[in-house]
Amino acid sequence: RLHFGALRVLNDDSLAPGAGIGKHAHENREIITILLSGSLAHEDNKGNHALLQAGDVQLMSAGSGMEHAEKNGSSELPASFLQLWIDPHTEGLSPRYEQQTFPAKEKQNKLVTIVSPLGTTDGGVGINQQAWLSQGTLEKNYTYTYPLHNAGNGVYVFLLSGDIIVNEIVLNARDGLGVWETGQLSITANTEAEILLIEVPVAQTGQTEDNR
């Protein structure tokens, strides 16, 4: 799933027990990793070492250049995670690393902000872009209204599990939907559903982009 406004990549990934991704370099990317299950070991050339667990969100702002490697932290269980690449508002910034934990019990029937613009008080890890990521689980028949933060932004909806209706469009597990030129989203859960919203600047015309 590629290129919805400032969102360049959304990878739905997994690593087998003991498997890894060797050291590689990035520049001018805001790289967000969301651990869904298992554990993921991270190290980079800026001296950061971490073991991510389910519920952890990692932000690696590659800026002027950063190398990192990832490995499944378990020799017995697979690791499942999302990794997103978002364009920064400015190139050549100093690299930085941040990580936070968001327990599942805090994301019931609400979408919690897990990423927001650096320097704001909106919560989550700070990103060098006018972008907000929100994650949560809605129970069956629950309706949630999400107001967009900026008029020039759109929202990419990624459904991790369950069935939902977004602005009258039905989505099933692992479907994606891009929506723009709107002030808010109305989301109704047909079943219990886990949802990720990715609000980013867009430069498109129209209303929806369906990736089912």
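The values are calculated or read from the model by the stated rules, or taken from the named source; none is laboratory data. Just so it is clear, the structure is predicted and the values come from calculations on it, not from any experiment. Cβ placement follows ideal geometry from the backbone for every residue including glycine, while neighbour counts extend to all protein chains displayed.
Checked against (1) outside the structural domain of Ile32 (by TED's automatic domain parsing); (2) in a loop (DSSP other than H, G, I, E, B); (3) under 24 Å from Leu51 (Cα atoms), Ile114 passes all but condition (2). Reported count of residues in the stretch 151-174, each being modelled with pLDDT of 95 or more and more than 21 Å from Lys110 (Cβ to Cβ), is 5.
Is the stretch 125-141 home to any residue that is modelled with pLDDT of 95 or more, of a type in the set (Phe, Trp, Tyr) and under 20 Å from Ser80 (Cβ atoms)? No; the residues of the stretch 125-141 include none that is modelled with pLDDT of 95 or more, of a type in the set (Phe, Trp, Tyr) and under 20 Å from Ser80 (Cβ atoms).
For the stretch 2-35, the candidate set comprises residues that are under 12 Å from the mean Cα position of the chain (by Cα) and hydrophobic (A, V, I, L, M, F, W, C); within that set, the residue that is nearest to Ala131 (Cα to Cα) is Leu7. Listed by position, the strands (runs of 3 or more DSSP E) contained in the stretch 135-196 that have at least 2 residues being surrounded by fewer than 19 Cβ atoms within 10 Å (Cβ to Cβ) are 143-147, 153-161, 169-171, 184-189.
Only one of the numbered conditions (1) surrounded by 16 or more Cβ atoms within 10 Å (Cβ to Cβ); (2) of a type outside the set (Phe, Trp, Tyr); (3) under 30 Å from Gly183 (Cα atoms); (4) within 16 Å of the chain's Cα centre (by Cα) is violated by Ser80, and that is (3). When residues in the stretch 105-125 are screened for being of a type in the set (Gly, Ala, Ser), surrounded by fewer than 22 Cβ atoms within 10 Å (Cβ to Cβ) and touching a Ser or Thr at 6+ places or on another chain (Cβ under 7 Å), 1 of them pass. A single entry from Ala50, Ala41, Ala25, Ala69 fulfils the requirement of being part of a strand (DSSP E or B), hydrophobic (A, V, I, L, M, F, W, C) and without any contact (Cβ under 8 Å) to a residue 40 or more places away in the chain: Ala41. Within the stretch 90-104, the set of residues being buried (at least 16 other Cβ atoms within 10 Å of the Cβ) and either of a type in the set (Lys, Arg) or over 12 Å from Thr33 (Cβ atoms) (or both) comprises Leu93, Pro95, Arg96, Phe102.
So if I check each of Ser64, Ser75, which one is in a loop (DSSP other than H, G, I, E, B), out of contact with any strand residue (DSSP E or B) (no Cβ under 8 Å at 6 or more places or on another chain) and modelled with pLDDT under 95?
Details: Ser64 fails: modelled with pLDDT under 95.
Answer to the check: Ser75.
Looking across the stretch 181-212, the residues that are at pLDDT below 95 and in contact with a Ser or Thr (Cβ under 8 Å, 6 or more places away or on another chain) come down to Glu181, Gln207.
So which of Gly136, Gly126, Gly162 ends up being closer than 22 Å to Phe102 by Cβ and without any contact (Cβ under 8 Å) to a residue 40 or more places away in the chain? From the options Gly136, Gly126, Gly162, the qualifying one is Gly162.
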